[in-house]
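The structure appears right after this line, and notes come after that.
The values are calculated or read from the model by the stated rules, or taken from the named source; none is laboratory data. Just so it is clear, the model here is predicted, and its values are computed rather than measured. Here the Cβ is made from the backbone with ideal geometry for all residues, glycine too, and neighbour counts use every protein chain on show. For the accessible areas, the whole protein counts, side chains as well, though only heavy atoms, and no ligand, DNA or RNA atoms are used. Shrake-Rupley method; radii C 1.70, N 1.55, O 1.52, S 1.80 Å.
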Amino acid sequence: MMTGLFISELERTFKRKKTAAVLAVYAGLLAFIWFFLFQMGGISFFDADHDVKIDSLNSAPLFLRELSFVITFIVIPMFVADSFNGEYTSGALRMVLIRPHHRLTLFFVKWTVQCLLVFFILCITWVVGTCLGKVAMPHVNETTFLGGLKLGTLGALLYSLKFYGICFCIFIAVISIASLISIVMPNSILSYVATIGALIGSVYVSDKLSFFFSVTDSVFHELSKSNSEFLVNLLFPILIISLIINLFVWKKKEWVG
């Protein structure tokens, strides 16, 4: 039953016109950013204060930097609002819930599908970013990341994978926050706007939450530290707490009344 529910959620997700439209726009942005970086002479930034020349080893993380804002503030809020709120307002969610499915199972299926969507987008971005470096940027045997960290071919690859992994963890936290907001909001438009407001507002709550607004800049800074406990002390607790609240609200909300 779990497998069938998962497949059903995937089918509903990819049958939405908005999903196809957002993925098509993102694919166009991948091509545009490639062209833009090439025309700019291969110059990018670790953050607002540190520019860097793109080469064959550092291209993947820098490519994601140009697109992380779109993923955080457009792709994730739109997908999550459609999944958790759009189906409720359209009545599609009621048709699913009247079947013998446990509510919490359905929540985890929907949440997992959203995570897989973002994982798929990140994989495509990593492949395109890596190809950009190999095809269009200068070939080097060693590159330097923020903080003066010099790495060879293998080290740069591991850095890139770690960079994308931490970004993925942040995006999962964004999905969890967006899903909670979508559950409590009366319609998908309000939930989308409220999610954007919550992400921007987090910067004013604490400087430590600035990674919600500037994902890649924060990750570059964390990886430049010799001993960073960012994931353990901040990101994972936020993710766990948001999931617990999600489950409580999802279980208590009256969806079929």
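Report, by residue number, each residue of region 187-211 that is in contact (Cβ under 8 Å) with a residue 12 or more places away in the chain and either outside any helix (DSSP H, G or I) or surrounded by 22 or more Cβ atoms within 10 Å (Cβ to Cβ) (or both). Answer for region 187-211, where residues must be in contact (Cβ under 8 Å) with a residue 12 or more places away in the chain and either outside any helix (DSSP H, G or I) or surrounded by 22 or more Cβ atoms within 10 Å (Cβ to Cβ) (or both): ASN187, SER188, SER191, TYR192, THR195, PHE211. Restricting attention to region 212-229, which residues are in contact with an Asp or Glu (Cβ under 6 Å, 6 or more places away or on another chain) and touching a residue at least 12 places away in the same chain (Cβ under 8 Å)? ASP217 - this is the single residue of region 212-229 that is in contact with an Asp or Glu (Cβ under 6 Å, 6 or more places away or on another chain) and touching a residue at least 12 places away in the same chain (Cβ under 8 Å). Close Cβ contacts (under 8 Å, 6 or more residues apart or on different chains) running from residues in region 139-162 that are more than 17 Å from HIS221 (Cα to Cα) to residues that are outside any strand (DSSP E or B) and acidic (Asp, Glu) comprise HIS139/ASP55; VAL140/ASP55. Restricting LYS18, LYS53 to those that are touching a helix residue (DSSP H, G or I) at 6+ places or on another chain (Cβ under 6 Å) and either open to solvent by 80 Å² or more (accessible area, probe 1.4 Å) or among the β-branched types (Val, Ile, Thr) (or both) reduces the list to LYS18. Filter region 100-110 for residues that are touching a helix residue (DSSP H, G or I) at 6+ places or on another chain (Cβ under 9 Å) and farther than 17 Å from MET185 by Cβ; which is modelled with the lowest pLDDT? The residue in question is HIS101. For region 165-177, which residues satisfy the criterion of being in contact (Cβ under 8 Å) with a residue 60 or more places away in the chain and either among the hydrophobic types (A, V, I, L, M, F, W, C) or open to solvent by 30 Å² or more (accessible area, probe 1.4 Å) (or both)? If the condition is that a residue be in contact (Cβ under 8 Å) with a residue 60 or more places away in the chain and either among the hydrophobic types (A, V, I, L, M, F, W, C) or open to solvent by 30 Å² or more (accessible area, probe 1.4 Å) (or both), then ILE166, CYS167, CYS169, ILE170, PHE171, ILE172, ALA173, VAL174, ILE175, ILE177 are the ones that fit. Among residues of region 133-147 being open to solvent by 50 Å² or more (accessible area, probe 1.4 Å) and within 27 Å of the chain's Cα centre (by Cα), the one that is nearest to VAL52 (Cα to Cα) is THR144. Taking the conditions (1) buried (at least 16 other Cβ atoms within 10 Å of the Cβ); (2) within 14 Å of GLU222 (Cα to Cα); (3) modelled with pLDDT under 95 in turn, LEU180 satisfies each one other than (2). Inspect region 233-253 for any residue being out of contact with any Ser or Thr (no Cβ under 8 Å at 6 or more places or on another chain) and assigned to a loop (DSSP other than H, G, I, E, B) and give the result as yes or no. There is at least one residue in region 233-253 that is out of contact with any Ser or Thr (no Cβ under 8 Å at 6 or more places or on another chain) and assigned to a loop (DSSP other than H, G, I, E, B).
Results for (1) under 22 Å from GLN114 (Cα atoms); (2) modelled with pLDDT under 90; (3) open to solvent by 50 Å² or more (accessible area, probe 1.4 Å), shown as yes or no for each residue.
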{"site": "ILE7", "(1), (2), (3)": "yes, yes, yes"}
{"site": "VAL22", "(1), (2), (3)": "yes, no, no"}
{"site": "VAL25", "(1), (2), (3)": "yes, no, yes"}
{"site": "LEU30", "(1), (2), (3)": "yes, no, no"}
{"site": "PHE36", "(1), (2), (3)": "no, yes, yes"}
{"site": "GLU87", "(1), (2), (3)": "yes, yes, no"}
{"site": "MET95", "(1), (2), (3)": "yes, yes, yes"}
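When region 42-51 is limited to residues that are assigned to a strand (DSSP E or B) and in contact (Cβ under 8 Å) with a residue 12 or more places away in the chain, the one that is nearest to GLY133 (Cα to Cα) turns out to be SER44.
PRO237 meets all of the listed conditions (1) loosely packed, with under 14 Cβ neighbours inside 10 Å; (2) out of contact with any Phe, Trp or Tyr (no Cβ under 8 Å at 6 or more places or on another chain); (3) more than 24 Å from PHE107 (Cα to Cα) but one, namely (3).
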